[in-house]
Amino acid sequence: RGLEAVLVHHRWVFVCLFLLPLSILFDVYYQLRAWAVWRLHSAPRQHAQRVRHIQAQVREWKNEGSKRYMCTGRPGWLTVSLRVGKYKKIHKNIMINLMDVLEVDSEREVVRVEPLVTMGQLTAHLNPMGWTIPVVPELDDLTVGGLIMGTGIESSSHIYGLFQHTCVAYELVLADGSLVRCSPTENSDLFYAVPWSCGTLGFLVAAEIKMIPAKKYVKIHYEPVRGLQKICEKFTEESKKKENSFVEGLVYSLEEAVIMTGVLTDEAEQSKINRIGNYYKPWFFKHVEKYLKADRTGIEYIPSRHYYHRHTRSIFWELQDIIPFGNNPVFRYLFGWMVPPKISLLKLTQGEAIRKLYEQHHVVQDMLVPMKSLEKSIQTFHVDLNVYPLWLCPFILPNNPGMVHPKGDEAELYVDIGAYGEPRRKQFEARASMRQMEKFVRSVHGFQMLYADCYMTREEFWDMFDGSLYHKLREQMNCKDAFPEVYDKICKAARH
């Protein structure tokens, strides 16, 4: 129990001495591997061979009598989601070792990638070639497959939608071992059903994503706003402006926020360039807070790649709970180059005591609600959780078929409210409080991101999400014996 107490209350000791050096080795290995693969042009040649191996594993499962559900063989601790999937131990694990950029097609303005390509890997690959993707979800380690099968968002989503809306085609190995390509014009039902399905319709083996020309800088404007009504009005107003390349809000209390708008540019005032991604720089959310404390607006030019990954070093603001002195200038200058620790390694080494502590006293949730419900939503988050900062990220939700779409026939402006940290509400009880939040989100026709803990019953879950197309395809493609239903895979009520 002595070691357990140290791990819970002084976790930074273990993280600083062991996990940070390990994370560096992890990164160096994957960077060298990605560089070698690209230089040797081996990815496209080996891709077909690897896909055939996946197909062979699925056919072997069929020949064995299809007795167990299938899932990817990637260990649960390697995923960015804080949830540890126990199903890996009882399902048939299909090994999918697909982590390379396959093709950059400048004419079609499309990049074709394998599902385990990360956001950090993709921007490092595309930016030197003058390209980027329209929606670059925050953290370096988020994978293309996770962002398609789950979801992904960024401060450019008010123009482009969620990550899935920037994809133009998917390639999947289905339950019968066949390889299928789907797009809006080819197997379109499957194309629209794949996002949010969490790998329960087939195994993603490649995706084609739109590219846009990259620019050197993001000219970012910081504006402190006080008063909840004013915050919501300002945020809504800026989110509707297509001339804003990026819109983001950080809410520091019920009545205080900083609204940020950004524009892509190749020109910059040298004196206002802020390379916020450099290891010795303050954590981004702390840097933003200075504008609130000083009650002043400001303009900066942030190099594009630094901007895309601005919350990576502090894992938004989660790292302050793990390394409380992580933003101290001395720590940043001496050890900041090792930060952040890999989320996967944090999960692997957290132990049962820390896992239970996090489950009961820590929240990591993203709720997607209509923009018109923003004020009511922030008040609900305040009453039920009282977690700050809150992350606000607007997105346009088109009326496409699939699990997630607006209530009406038209595209609608939504906002992602991200709550990450320790709730300061005195009566916080994880299950009861989150069920209350989920009920509210359903009432405004919102959606809960599925990487997080979900406490809904099956009926409540399918009240939140539109399962009509999903269930139709599971029936048509004989998925019921091959993959669990998405609810059974991700919801706590189904797993306990």
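Screening the candidates Asn399, Asn478 for the property of being under 30 Å from Met70 (Cβ atoms), open to solvent by 40 Å² or more (accessible area, probe 1.4 Å), part of a loop (DSSP other than H, G, I, E, B) and not hydroxyl-bearing (Ser, Thr, Tyr) yields one hit, Asn478. Exactly one residue out of Glu243, Glu233 is part of a loop (DSSP other than H, G, I, E, B) and without any contact (Cβ under 8 Å) to a residue 40 or more places away in the chain: that is Glu243. Consider the stretch 319-334 and keep the residues that are assigned to a loop (DSSP other than H, G, I, E, B) and modelled with pLDDT under 90. The one that is nearest to Leu139 (Cα to Cα) is Ile323. Selection within the stretch 182-211: residues that are touching a helix residue (DSSP H, G or I) at 6+ places or on another chain (Cβ under 9 Å) and in a strand (DSSP E or B). The member of this set that is most open to solvent (accessible area, probe 1.4 Å) is Lys210. Among the residues of the stretch 279-291, not a single one is open to solvent by less than 10 Å² (accessible area, probe 1.4 Å), without any contact (Cβ under 8 Å) to a residue 40 or more places away in the chain, assigned to a loop (DSSP other than H, G, I, E, B) and of a type in the set (A, V, I, L, M, F, W, C). Just one of the listed residues (Phe335, Phe325) is closer than 29 Å to Leu357 by Cα, open to solvent by 40 Å² or more (accessible area, probe 1.4 Å) and touching a Cys at 6+ places or on another chain (Cβ under 9 Å), and it is Phe335.
Could you pull out the residue among Val441, Val415 that is buried (at least 17 other Cβ atoms within 10 Å of the Cβ) and within 18 Å of Gln229 (Cα to Cα)?
On the way: Val441 fails: within 18 Å of Gln229 (Cα to Cα).
Answer to the selection: Val415.
Does Val404 satisfy the criteria of being part of a loop (DSSP other than H, G, I, E, B), closer than 23 Å to Lys489 by Cβ and open to solvent by less than 60 Å² (accessible area, probe 1.4 Å)? Steps first, please.
Details: part of a loop (DSSP other than H, G, I, E, B): yes; closer than 23 Å to Lys489 by Cβ: yes; open to solvent by less than 60 Å² (accessible area, probe 1.4 Å): yes.
Yes.
For the stretch 155-170, a residue qualifies if it is surrounded by fewer than 24 Cβ atoms within 10 Å (Cβ to Cβ) and touching a residue at least 60 places away in the same chain (Cβ under 8 Å), and the qualifying residues are Ile159, Tyr160, Gly161, His165. Beta carbons closer than 9 Å, at least 6 apart along the sequence or on distinct chains, pair a first residue in the stretch 358-374 that is closer than 24 Å to Ser157 by Cα and assigned to a strand (DSSP E or B) with a second that is open to solvent by 10 Å² or more (accessible area, probe 1.4 Å) and small (Gly, Ala, Ser) for Val364/Ser81.
Here the stretch 115-150 is the region considered, the condition is being open to solvent by 30 Å² or more (accessible area, probe 1.4 Å) and in a helix (DSSP H, G or I), and the residue that is farthest from Trp391 (Cα to Cα) is Met129. Being over 26 Å from Val339 (Cα atoms) and under 13 Å from the mean Cα position of the chain (by Cα) is a property that does not hold for Ile153. Of the residues contained in the stretch 391-400, none is found to be modelled with pLDDT of 95 or more and at positive phi. For the stretch 301-342, which residues satisfy the criterion of being among the hydroxyl-bearing types (Ser, Thr, Tyr) and without any contact (Cβ under 8 Å) to a residue 60 or more places away in the chain? Answer for the stretch 301-342, where residues must be among the hydroxyl-bearing types (Ser, Thr, Tyr) and without any contact (Cβ under 8 Å) to a residue 60 or more places away in the chain: Ser314, Tyr333. Taken across the stretch 409-432, residues that are over 22 Å from Thr261 (Cβ atoms), outside any loop (DSSP other than H, G, I, E, B) and free of Cβ contacts under 8 Å to residues at least 24 places away in the same chain do occur, with at least one present. Of all the listed residues (Tyr487, Tyr470, Tyr451), the sole one being touching a Ser or Thr at 6+ places or on another chain (Cβ under 8 Å) and part of a helix (DSSP H, G or I) is Tyr470.
The values are calculated or read from the model by the stated rules, or taken from the named source; none is laboratory data. This one's a predicted model, so the numbers in the text were calculated from it and none came from an experiment. In this analysis, Cβ positions are derived from the backbone assuming ideal geometry, glycine residues included, and neighbour counts consider all displayed protein chains. Ligands, DNA and RNA are stripped out before the accessible areas are found, and what is left, the full protein with its side chains, is counted by its heavy atoms. Shrake-Rupley method; radii C 1.70, N 1.55, O 1.52, S 1.80 Å.
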